[in-house]
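What follows is a set of notes on a single structure, which appears directly below.
The values are calculated or read from the model by the stated rules, or taken from the named source; none is laboratory data. Note that the coordinates shown come from a computational prediction; the quantities given were computed from them, not determined experimentally. Don't worry about glycine lacking a Cβ; one is built from the backbone with ideal geometry, like all the others, and counts go over all protein chains shown.
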Amino acid sequence: RMLEDDLRSALERNQLYLAYQPKYGLLADRVVGCEALLRWDHAVHGSMNPARFVPAAEEAGFAPLLTRNVLGMVCTQIRAWMAEGLEIRVAVNISATLFASGQAVQLVREALASSGVPPRLLQIELTEQVFIGNPAAARDALQALHELGVTTALDDFGTGYSSLGYLQHLAFDVLKVDRTFVQDLSRGDGNNSSWIIETILRLAHGLGAEVVAEGVETPEQLAVLRDLGCDAAQGFLLGRPMTAAALAAAFRAAP
Ligand code: G
Ligand code: G
Ligand code: MN
Ligand code: NA
């Protein structure tokens with residue numbers, strides 16, 4: 001109730017903001033894009049974790065409002081970077097429930113139309129949860145996004161207990177390997193995690209999708225991912241979630 005009221009007023013006063021975490025292309029050896037991560041500095045409770053307040057917002061029925069806000073902020077930022085001569089693709093997390101309801105696609109369409117952002121600069125990250133419930137609706141919504149020219153990423157891949165069969169019918173441009181697999185990576189003999197990542201890479205590439213490894217924290221993990229032929233990596237080693245200005249500087253940095 002209190003959280004709900006605080007959140008409502010934070011939304012009304014534009015007190016939520018975004019941090020941007022770089023995605024690092026392993027072939028290009030440079031920052032190739034970023035993920036937008038929602039932040040809320042509560043006046044009394046300090047920095048709030050989106051893993052907690054986003055679900056609370058959704059339960060309170062704020063999902064459409066919150067998502068419209070996030071998409072608006074992202075599109076404004078993309079335009080600002082374009083004005084500086086930078087074309088930076090931004091990935092946005094959208095909750096499975098909102099996505100399956102079909103509302104998310106409409107919000108994306110509106111955000112693109114009102115901002116004039118080129119659709120190719122927007123990517124939508126979804127979890128395996130979208131498969132549960134109404135896979136047919138999810139499929140329609142994915143197709144509608146692709147028709148808009150927006151790309152899609154399957155987030156936290158490998159942790160959602162979903163059937164691989166869904167991948168056959170639901171096309172994603174990117175699979176994001178969950179950080180639990182990346183954490184256990186070490187060089188040398190094939191431990192289970194490196195086999196799993198190798199298999200995900202083969203699966204994804206066979207489906208025409210790219211692979212982003214999440215949660216890369218050590219140079220050793222990065223080296224193994226490179227050896228395995230992973231396309232891109234994200235994690236504290238390559239950059240923490242940062243301000244838009246810092247992200248632009250990282251993007252500009254020559255390889
Ligand atoms: O950035 P951080 O580790 O604090 O994010 C925690 C969780 O919150 C992650 O699962 C992330 O996907 C989710 N999250 C971050 N920003 C958003 C957002 O704008 N919308 C939604 N739906 N989830 C978000
Ligand atoms: O669920 P999703 O993958 O969207 O979650 C993104 C979250 O992961 C963000 O909250 C971000 O802060 C966090 N994150 C990003 N890089 C790392 C990392 O290298 N290690 C850990 N532990 N968390 C990370
Ligand atoms: Mn994500
Ligand atoms: Na993830």
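For the range 140-173, a residue qualifies if it is in contact with a strand residue (DSSP E or B) (Cβ under 8 Å, 6 or more places away or on another chain) and of a type in the set (S, T, N, Q), and the qualifying residues are T151, T152.
Find the residue count for the range 107-131, including only residues that are within 16 Å of ligand 1 (Cβ to nearest atom) and either of a type in the set (S, T, Y) or surrounded by fewer than 17 Cβ atoms within 10 Å (Cβ to Cβ) (or both). First the steps, then the outcome.
Just the residues of the range 107-131 that are within 16 Å of ligand 1 (Cβ to nearest atom), to begin with: 107-108, 111, 122-130.
Next cut, either of a type in the set (S, T, Y) or surrounded by fewer than 17 Cβ atoms within 10 Å (Cβ to Cβ) (or both) only: 127.
Number satisfying all stated conditions: 1.
When each of A80, A36 is tested for being over 14 Å from the mean Cα position of the chain (by Cα) and either small (G, A, S) or away from ligand 2 (no atom under 13 Å from the Cβ) (or both), the lone residue that passes is A80. Enumerate the pairs (first residue in the range 1-26 and under 28 Å from G235 (Cβ atoms); second residue anywhere and surrounded by 16 or more Cβ atoms within 10 Å (Cβ to Cβ) and at pLDDT below 90) with beta-carbon separation below 9 Å, excluding pairs fewer than 6 apart on the same chain, so at least 6 apart or on different chains. Listed pairs, sorted by first residue: L16/L7. Residues that are outside any helix (DSSP H, G or I) and either within 15 Å of the chain's Cα centre (by Cα) or over 23 Å from I78 (Cβ atoms) (or both) within the range 117-134 comprise L122, Q123, I124, E125, L126, T127, I132, G133, N134, listed in sequence order.
Give A111, A136 a once-over and let me know the one that is touching a Gly at 6+ places or on another chain (Cβ under 7 Å) and either within 16 Å of ligand 3 (Cβ to nearest atom) or not polar (S, T, N, Q) (or both). Steps first, please.
Working: A136 fails: touching a Gly at 6+ places or on another chain (Cβ under 7 Å).
It is A111.
Report the residue count in the range 135-169 for those that are part of a loop (DSSP other than H, G, I, E, B), within 16 Å of ligand 4 (Cβ to nearest atom) and surrounded by 14 or more Cβ atoms within 10 Å (Cβ to Cβ).
Total meeting the criteria: 4.
For the range 122-144, the tally of residues that are in contact with a Phe, Trp or Tyr (Cβ under 9 Å, 6 or more places away or on another chain), more than 20 Å from P55 (Cα to Cα) and hydrophobic (A, V, I, L, M, F, W, C) stands at 3. Of the numbered criteria (1) within 30 Å of M82 (Cα to Cα); (2) crowded, with 19+ Cβ neighbours inside 10 Å; (3) in contact with a strand residue (DSSP E or B) (Cβ under 8 Å, 6 or more places away or on another chain), the one M242 fails is (2).
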